[in-house]
Every structure is written in C-alpha cells, then in structure tokens.
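Undergrad: Once you've had a glance at the structure underneath, I'll fire off some questions.
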Amino acid sequence: MGLTKSSMGNVLLNDDIKYYKNENGFTVALAGNPNVGKSTIFNSLTGLHQHTGNWPGKTVSNATGHCNYKDKDFLLVDIPGTYSILSDSQEEEIARDYICFGNPDATIVVVDATCLERNLNLVFQIMEITDNIIVCVNLLDEAKKKHIKINLKLLSDLLGVPVVGTIARKKKSLNNLLDTIYKVCNKDIIPSPKKIHYLPIIENKIELLNSKLKEFFDLSPVLYRWISLKLLDNEQSIIKSIENNLNINISNNVSINDLRIEIEKDLSNIGITKSNFKDTITSSIMQKAEKICNKVCTFENANYSSRDRKIDKILTSKTFGIPIMILFLGIIFWITIVGANYPSQMLFSFFGFIQEQLISFANYINCPVWLSDMLILGVFRTLTWIISVMLPPMAIFFPLFTFLEDLGYLPRIAFNMDGFFKKCCCSGKQMITMCMGFGCNAAGVTGCRIISFPRERLMAILTNSFVPCNGRFPFLITIATIFIASSIQGFAGSIVSTIAVMFVILLGIFMTLVISKILSKTILKGLPSSFVLELPPYRKPQFGKILVRSIFDRTLFVLGRAICVAAPAGLVIWIFANVGINGESLLNIIANFLNPFANLMGLDGYILTAFIFGIPANEIVLPIILMCYLGNGSLVNLDDTFAIGNILIQNGWTILTAINVMIFTCLHFPCTTTLLTIKKETGKWKWTILSFVIPTICGIILCMFTTLVYNIFVTI
Amino acid sequence: MNTKIITLNKLPVNKTGFIYNIKCSENVKRRLLDLGIVKNTCIKAILKSPSGGLKAFEIRGSLIAIRDEDSSLIQIYTK
Ligand SMILES: Nc1nc2c(ncn2[C@@H]2O[C@H](COP(=O)(O)OP(=O)(O)O)[C@@H](O)[C@H]2O)c(=O)[nH]1
C-alpha cells in the first residue's frame, strides 16, 4: 500500500528528474534491481519515509532527499528499480536518462548478495553509461543465513569499482557506504570499471562506429561506446532520447547511417542478426557475471533456499493455496473487527463528553444557538464520528497488512490468482494493485504502473475501486456488526461480521474479474499477454518499524486527509440540513427527490445523498447519513456502534438496507482523490469518466437485483 | 549423454533443464534476457499456480513466475 506522504504528494514528473542537481554539494543516484533494499538505504541515509515493502515494483516514483556527511551535502536521487536499462519501458527510460544525462557525481548500484549473478547484469549495463559507479552489496545478513560468502575485495578488483557490503536494516553498516560515496565524489577514489568485452567482431565494429562518431560529435568519452552499441542494436527509441538529451542528430547523418547499414550486413553474414543481437550481448554479460560469481562467492550449503521452498509449496499448493489466502485475509479482518470495537466505544464516549462540555461552554458565553449548533453539531460531531469509527480499525489493519507485505506474501497472491486473471485477459499483478487498493484506491491506481502492458494497466486502473479502501471498510465493519452480527453475542458474532465483510470483498474481487472480462471483449479488446513476476524470498518483518511506519505514515496521514474533508463537509451538511425553502430543509428536498430511485435499490434518499456528498472522501458517508437522520439539531449522544444501530433502525433500516449499503459501499464511484489520480495516470478524461460510471452501474444493478429477490421472498 | 529438447512448460516440477532457444516475441524475450535468462542458463521448475496456467522457476538464485503461453515458446534441453 504505497501510501505515504511522499508517494501521494510530490511525485516527480519523468521530465524533471533529469534536472535534479545539487547546487551546493554532490548528487548521488541510487539504482538497482527491484526489491534489493534501495528504499531502505535511501530512507536510512536521508531520514525520509519512502515506501518499502517486500515485492518487486513498489518504487514507482522517484524521490530525492538530502544527507550530510563530514563537510558535504549529498542529494540522493532514488530512481526506479529495474532489472535492466536497455528496454523502452517507462521506468527504465527514467533510470537510464537520469544516470546518463543527469550527470550525478556518483551512481550507487545496489545489488542483492543472495543473487549476485543476475544483479551484475545491471551493474555491467550501467558501466556502459557511466564510470562513477559504487557497487553496494546489500542483504549480507540474508546471504549469511543462506551460507553464501562473498569476497568483496576480490569483487571490487574484478569490477574495477569500489564495492561496499551493507545490511540496510542496520544503520551502522551504512557508514562505510557514506565514506565511499564521499571519497568517490571528492575524487579520492576514481572508479575505473572493467567493462564487458563482447565478441571480438562486435568490439571491432564498436570501434569503427566510435571513430565515426568522434568525427562528427564532441561528447563525453563514455558516451561514444554507448551510442555505438545502441546503433548496432538499432534501438530507435533510445537513440531518439540520446538525440533529444544531447541536442544532436545521429539518425539523419548519412555517413554514420551508411556505416551502420554496412556493419549490419557484415554481422548478419556471420549470423548476428537484429533479432539475436541482444541475446549475444546479454550472453556475454551473463558469462562474465557467472565467472565473477564463481570466483567471489562460496556456497556452503547448496540447498540454501529450502526453507522458502517448503513454505511456498504450502502457500501455493493446489488445494490449500487459495483457501489459505482467504483465511489470511479473514484473520486480518477478524482481528480488526474484534480489536477495534472497544477503543471505538471509548472514543465515542470521550468525544460525547467533550461535546456536552462544549455545548455548556457555548451556552455560558452566550454564543448564538445557530452558531454553536453549526460548529458543534455540524463540524465537531462529524469530525469526532469519523475519528471514532475510523481510527481504531485503521490502526489495527494497517500494521497487519504491512506485515504480510513485508513478509513477501503479495507476489504469491498474484501468483496464486493469475490463472483467473488470465482467463479474464488481464494480469495477475492486478491482484497486487488491488491489495494496495485496500489501503487507498489512489495508491492502488498509481501502483498499476507495475503492470507493463497499457491495456492491462488500464483494466487494473478502471477496476481498482472495486476493492473497498480503508475509508470504506470501517463503514462495512460497522454495518456488519450492527445488522448481521447484533443478535449473536461475543466470539461467534465477530466471526459472522468477518464473514459478511469478507463476502463483500470477495464480491468485489469477483466483480473485478467479471468487468475485466467484459472490458477485454469490448473497449479494451485483446488477448492475455505475458506475465513475468519475481517472487522474492520471504523476509522477517521488522515489527517495530511496521508499527511506527503504519501508524505515522499511513494511519495518521489517511485520517488527516479524511479530517480535512470532514470539517468543511460537516459544515455544508449541517447547513443543508438546517437551511431550507418553505420549512423544508435542502437536504430533505434532495433526499426526497432521490427517494423513489433509491427505493428501487433498497436504499433511501438520505443514503444516496450521503454517498453523493461523500465523493470527496468515502469516510464521511456514515456521518452524513447519521447527520441526515438526526438532522434538525435533535441532540443524541452516541455511546457506541449499537447506538448508531438504533438510529438506523428507527429510520427504517432493515437487513436488506444493510446488505445493499454494504454492496453499494463496495461498488460505487471512487472518491475525488482517486479520480484525479486516474486522470493523471491515464491522461484521459474518457478513462476517468469510465472509472466513475462502471462501478456505479454495477452497484446500482446489483442492489436492484438483491432488492427484487428480497421482495419476492418476502411476498411468498 | 542423452539430451532431449522440450518446451519449458513441459518441464515437470523439481526437474532441471537448460535454456536452448527463446522464441517469444521481442518484448517478452527482452524481459527474460533482463532476468539473465540466456542460452545455457540452468532453470528448475519449482511451483505450479493453483489457478493454473503458470509456473515459477528458479533461475540464477531467484524465483520467477512465467505463464505457460510464454514458457511454451522457450525451448530447453535436459540431460
Ligand atoms: N534482512 C534484510 N532485509 C532487508 C535489507 N535491506 C532491505 N531489506 C528488506 O527488503 C525489503 C525490500 O526493501 P526495499 O527497500 O523496499 O526495496 P527496494 O525495492 O529496492 O526499494 C524490505 O522488506 C526491507 O525491509 C537487509 O540488508 N537485510
């Protein structure tokens, strides 16, 4: 759930990252494969709170931060984690362009000690575009656990660049890294990377192109070889970006083009064609990487990942895989429901007490009744209701979910579910974005960047709001507790509410699949495409960090946002409820207008009005409903959820209303933040509008259906 | 030595093979290359998805999930 200030707030645009340059010190780029601990290092050095988690692809935006060491200031630029910088995917382009054209004083390539061989691929690729490289071998503690020993000194000799070993979770181990950064930036150490030697014939052709390029352009030395390689590969998009960034024109240079075509012929004569050029290059890199690893790594235990494999066998087994997944989710919700109940009641009574004091105080200072009512019953009451209903479940749910995330379970969910998603012509990674949606749909929509195919990404974006975000599920929990579990006491009751909430969520997942399938047959036609996903090793979550991070970064942030919306909304609703034409309040007029339609859906006009007023933030739907019912200032003190229940029942709620409200909570238009994020991510109003319309129509139809079925049953 | 060429999706769980040829589309192939999947790379089938249609393979120390559509275009040889 990429839900921190940094991931929601100042997401840098792709273009401006290039210009990140520290005027008063040094600039350092952080590169690496996904999930190697880049963000952990970044946070630790800068003291910021970039989102970390154990699944590949979560660093979808760039972040910058400062750190001081000795007498110097360093600007750290966290670039997206990528396996390579050769492709034209968005992240790789950002990473490549920044390292190549942003001219950082040093580039740290973070590598995973437990899978060095593959990670060296990226190191060698980056060596082609810059010399100032520091290799940071992270996760040494995991390597040790797996009995892998790495000779860092030898690795440094073989690569020709400084190599530092770190354990990012232990801050102390980063001192060495800082020291090396300092020395490289200060030119105390000058890395001289030992680049890959490709096949002699390719090296020969690179030389030819190099000298030709030198005739025409005056560039920094490292770039000639890089451009030559890209010319050999005929990588149009990369060459375009080189041309744009350096303001030169290579493709229209006749002399270079002729040479390129001639070389192409030569190479294809000996069997190196356009289609296997990349294979040849990568093979050379991987061979070298294998050689180096054989020299520097010692594996003392050949079966080093056997524990992970055993766990995986169970968590992805044919019979238990999916039930376990549902069970995990169920347990999380159950703990949330049970745990949130008591603190919620306490908050209700506490705020109720404060409210009474405020009213007496207002009377005491002779405050006009309309003003005190507006501020206390409008603004204050809405605010405190939101806090009482939302804070406890969130404070429990977030840490639990972060725990699963840190453990590395999310990619397994994607793996387990991919078969279903494939049948619906979309990607299993969509499941990960849905999990992020539990935190916040806006974060889920941004997270859709991990899906590399535009069509599948769009499907994931359009359907993300089918999973209830944390602004909605406290509401679900409340309704379930009141209506579905109220007659059952204690333990069984909490189980029943969990099942009810789970049912709604599974319905959301099911609807996601159905709608995806429909989309893939209509406006987003296409066949299922490829799916390649790394399943990272399980990692022991850091309990302390999880608590702090989920409470401060997520819970308080989300709550803060809800409060910002709730205060003005409370005011507006109060005014709507108390100002009217001919003695009828505006709220009543709107609700009465909507009532016939709402009845068809098994709801009433007030509920629908509340959902509409709740567009800025779904959190405020329940407070608005209550405010509507209690509208004209009648003073009720709410002690707990059951008091809420009584109000609802007095206003005609039945089990059908409750079910339909739960369904509609899950399936309706996303909040404004999400809509704006969708606009930003897709760039088109068309998709934004669709993402508004699709879930709403689903919700309406489903509610009408349940109402119909219910009515038939009742009449029989 | 008795080598046999099969497609990757036919590799049974817990068995090992070596990459022989990747015939996937340009895009997918590139992604596989990025993960270090080149000719002669050792690859071992580890997990099968309960919902079917994809498997996870151990490649160079990491676990990578690949759909059958793609793995049926990858030829491997077994010893
Ligand atoms: N045991 C251990 N875990 C680490 C280390 N560095 C990072 N992690 C964990 O690895 C996971 C991925 O880290 P993150 O910084 O989010 O990776 P990124 O994708 O490279 O930014 C997180 O769960 C971290 O807590 C380390 O040195 N040792």
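Undergrad: Please pull out the direction-averaged projected area of chain A, using the convex hull of its alpha-carbon atoms, in nm² to one decimal place.
TA: 37.2 nm²
Undergrad: Also, I was wondering about something else. Protein chains only, probe 1.4 Å: how do A:SER585, A:SER251 rank by accessible area, largest first?
TA: Listed by decreasing accessible area, they come as A:SER251, A:SER585.
Undergrad: Return the carbon/sulfur percentage of the accessible area of segment A:328-371, one whole number, probe 1.4 Å, all protein chains in place.
TA: 74 percent
Undergrad: Now a separate question. Can you flag which of A:LYS517/A:LYS684; A:LYS525/B:LYS4; A:LYS149/A:LYS288 are past 29 Å Cα-Cα?
TA: From the list (A:LYS517/A:LYS684; A:LYS525/B:LYS4; A:LYS149/A:LYS288), the Cα-Cα distance tops 29 Å for A:LYS525/B:LYS4.
Undergrad: Rg to Rh for segment B:4-78: what is it, with Cα atoms only and Rh by Kirkwood?
TA: Rg divided by Rh gives 0.91.
Undergrad: Taking each residue of A:428-435 in turn, how many C-beta atoms of other protein chains fall within 10 Å of its C-beta, and what is the average?
TA: 1
Undergrad: Ok, one more. Taking a cut-off of 13 Å between Cα atoms, list the aspartates and glutamates near B:LYS29, but don't count ones fewer than 8 places away on the same chain.
TA: Straight-distance partners of B:LYS29: A:ASP279, B:GLU69, B:ASP70.
Undergrad: How high is the FRET efficiency between A:ASN68 and A:LYS679 when r is their beta carbon distance and R₀ equals 35 Å, given to the nearest 0.05?
TA: 0.35
Undergrad: Check B:ILE46: other-chain or 5+ apart residues with amide H under 5 Å from its amide H, H built from backbone geometry?
TA: B:ASN14, B:ALA56, B:PHE57, B:GLU58
Undergrad: Taking a spot 7 Å from the Cα of A:ASN151 along the direction of its beta carbon, which residues of segment A:264-299 have an amide N less than 20 Å from it?
TA: Residues A:287-299 fall inside that zone.
Undergrad: Now for a different question. What is the distance, in nm, between label points placed 7 Å from the Cα along the Cα-to-Cβ direction at A:ILE201 and at A:LYS521?
TA: 5.2 nm
Undergrad: From largest to smallest, what semi-axes in whole angstrom does segment A:294-400 give when each is the square root of 5 times an eigenvalue of its alpha carbon gyration tensor?
TA: 55, 17, 10
Undergrad: Would you list B:THR78, A:THR433 from the most to the least accessible area, probe 1.4 Å?
TA: Result, largest first: B:THR78, A:THR433.
Undergrad: Okay, next question. Cut-off under 21 Å on the C-alpha distance; same-chain residues fewer than 8 positions from A:LYS214 excluded. Which lysines are left, in chain and number order?
TA: In chain and number order, the partners are A:LYS195, A:LYS205, A:LYS230, A:LYS240.
Undergrad: Diagonalise the Cα gyration tensor of segment A:334-466 and give the resulting equivalent ellipsoid semi-axes, square root of 5 times each eigenvalue, largest first, whole Å.
TA: 44, 18, 9
Undergrad: So for each of A:590-600, A:517-527 I average, over its residues, the number of other beta carbons within 10 Å; can you give me the resulting order with the highest mean first?
TA: In decreasing order of mean packing, A:590-600, A:517-527 become A:590-600, A:517-527.
Undergrad: Now, a different point. Dividing the convex hull volume of the Cα atoms of segment A:526-611 by its residue count, what figure in Å³ per residue is obtained?
TA: In segment A:526-611, the Cα hull volume divided by residue count equals 222 Å³.
Undergrad: Checking an interface number: how much accessible area is buried between B and A, summed over both chains, with a 1.4 Å probe, in Å² rounded to 100?
TA: Roughly 3500 Å².
Undergrad: If you stretched the chain out fully between A:LYS540 and A:ILE335, how much longer would it get, using 0.36 nm times the residue separation minus the C-alpha to C-alpha distance?
TA: Here the segment from A:LYS540 to A:ILE335 would lengthen by 71.7 nm.
Undergrad: What FRET efficiency, computed as 1/(1 + (r/R0)^6) with R0 = 35 Å and r the Cβ-Cβ distance, is obtained for A:VAL222 and A:ASN269, rounded to the nearest 0.05?
TA: So, using R0 = 35 Å, E works out to roughly 0.70.
Undergrad: Let me ask something else about it. Please sort by residue number the chymotrypsin sites (Phe, Trp or Tyr not before Pro) in segment A:180-267 whose DSSP state is loop and whose Cβ has at most 10 other Cβ atoms within 10 Å.
TA: Listed in order of number, the matching sites amount to none.
Undergrad: Then there is this: Quick one, could you list the DSSP H helices from chain A stretching 30 Å or more along their long axis (Cα atoms) with average Kyte-Doolittle hydropathy of -1.0 or above?
TA: Qualifying helices: A:321-364, A:381-407, A:490-521, A:556-578, A:685-715.
Undergrad: Given labels modelled 7 Å from the Cα in the Cβ direction, how far is it in nm from A:PHE552 to A:ILE589?
TA: Modelled inter-label distance: 4.9 nm.
Undergrad: At a probe size of 1.4 Å, how large is the accessible area of A:HIS66, to the nearest 10 Å²?
TA: The accessible area of A:HIS66 comes to roughly 100 Å².
Undergrad: Can you list, largest first and rounded to whole Å, the semi-axes you get for segment A:228-295 by taking the square root of 5 times each eigenvalue of its Cα gyration tensor?
TA: One finds semi-axes of 27, 17, 8 Å for segment A:228-295.
Undergrad: Residues of A:270-276, mean number of Cβ from any other protein chain within 10 Å of their own Cβ, rounded to a whole number?
TA: Partner Cβ neighbours, averaged per residue: 1.
Undergrad: Here's another thing I want to ask about it. Mind checking the full-extension length gain between A:SER255 and A:ASN599? Use 0.36 nm per residue of separation minus the Cα-Cα distance, one decimal, nm.
TA: Stretched out fully, the A:SER255 to A:ASN599 stretch lengthens by 116.3 nm.
Undergrad: Could you pull out every one of the aspartates and glutamates with an alpha carbon less than 18 Å from that of A:LYS318, ignoring same-chain neighbours closer than 8 positions?
TA: The qualifying aspartates and glutamates are A:ASP308, A:ASP418, B:ASP68.
Undergrad: Just tell me how shielded A:151-160 is by partners: mean number of partner chain Cβ atoms within 10 Å of each residue's Cβ, no decimals.
TA: Average neighbour count from other chains, rounded to a whole number: 0.
The values are calculated or read from the model by the stated rules, or taken from the named source; none is laboratory data. Keep in mind that this is a model prediction, so the values were computed, not measured. Quick reminder, even Gly has a Cβ in these numbers, built from the backbone with ideal geometry, and neighbours come from all protein chains shown. Calculation scope for accessible area: heavy atoms of the full protein, side chains included, ligands and nucleic acids excluded. Shrake-Rupley method; radii C 1.70, N 1.55, O 1.52, S 1.80 Å.
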